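What follows draws every value from the coordinates through simple rules; no lab data is involved. Everything numeric in this text was worked out from a predicted model, so none of it was measured. Every residue, glycine as well, gets a Cβ built from its backbone with ideal geometry; the counts of neighbours run over all protein chains shown.
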Amino acid sequence: MDEDTIMADLSGTSRSGGGRAFDLRPRRRVITRAGMTAAAGVALLLAGATAPARAQSFELVMQGVLDGRSSLISGSTTTPLADGSAFTIQAFFDPRSPNLAAPVGVPGFVAYTPSLVQLTLGGRTYSMEPFDALGPTGVSVAIFDGTTPFGPPGHYAVGLIQDPLADGAGIVPDYTGATPAFSLGSGGVVPATFTGYFGVGVQGGACVAGGGADCQQYAMTPIPMTWAGQSFSLLLGNYDEDATASGPTFTASLQAVPEPGALALSAAGLVGVAAVARRRRRA
């Protein structure tokens, strides 16, 4: 007998049913270690899939378009972007980290230091410096829900801001809704897709003359980036642009990133299932 086989005897009696005999005579049920490994693997996969959704990290994915009012700086050379320059931003952050916007005292506005920020623009993927690496010149992930006083009532906004307390350089699109709707003050950050693109605010730096909608002068503060070991900077223009039927559209979503523990459970489950498959192929 194969040492991998465990034998279990089941006993019973015989009886007849409507036209078919249900055979309950003594027989042997074979339970193999491979079967137990498969069951354990499936259990681990299910445990990983059903791990708690709260207390998780997130990825901001934003796509949009910049124009010649923004520039790419390399050394002493400043090159305006071509009109219609499409970009994608991916920023990973953890809402359990300190809320950089807490001193503002508005529950519907939060900002977090990202662990990684990438900007894909013009066929290159740049790494942008996060807020904690360079202080005010690094970027943060900023989120506004429908309760904040900073935009039209009920609107959401999300994007990158260089210095959230000073309203520094950044790209922040405005949306009329989110799916699902959420409140940062009561439920925190949740996976969501922003809907109803309304417009975008692009800003090159903090306001240094005037304020709010009446700002007369902005501090032009480039955002540091790297690509292929070289240093670059992104210098954003200063403009607000409303959504139009023929104009560019900005899309944004917050996607949950699996916790390391859930990933480990799922990986262990996959290993167990793979081991069973290999044994069966040998058999």
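Residue check: residue 79 meets all listed conditions (1) under 27 Å from residue 191 (Cβ atoms); (2) part of a strand (DSSP E or B) but one, namely (1).
Quick check: is even one residue across the stretch 125-134 over 21 Å from residue 98 (Cβ atoms) and in contact with a Gly (Cβ under 6 Å, 6 or more places away or on another chain)? No; the residues of the stretch 125-134 include none that is over 21 Å from residue 98 (Cβ atoms) and in contact with a Gly (Cβ under 6 Å, 6 or more places away or on another chain).
Determine, yes or no, whether residue 69 is out of contact with any Ser or Thr (no Cβ under 7 Å at 6 or more places or on another chain), part of a loop (DSSP other than H, G, I, E, B), closer than 22 Å to residue 205 by Cβ and touching a residue at least 40 places away in the same chain (Cβ under 8 Å). So residue 69 passes the test. Scanning the stretch 185-237 for residues that are among the β-branched types (Val, Ile, Thr) and closer than 19 Å to residue 133 by Cβ returns 221, 223, 226. Scanning the stretch 204-245 for residues that are aromatic (Phe, Trp, Tyr) and under 16 Å from residue 72 (Cα atoms), we see that the one that is surrounded by the most Cβ atoms within 10 Å (Cβ to Cβ) is 232.
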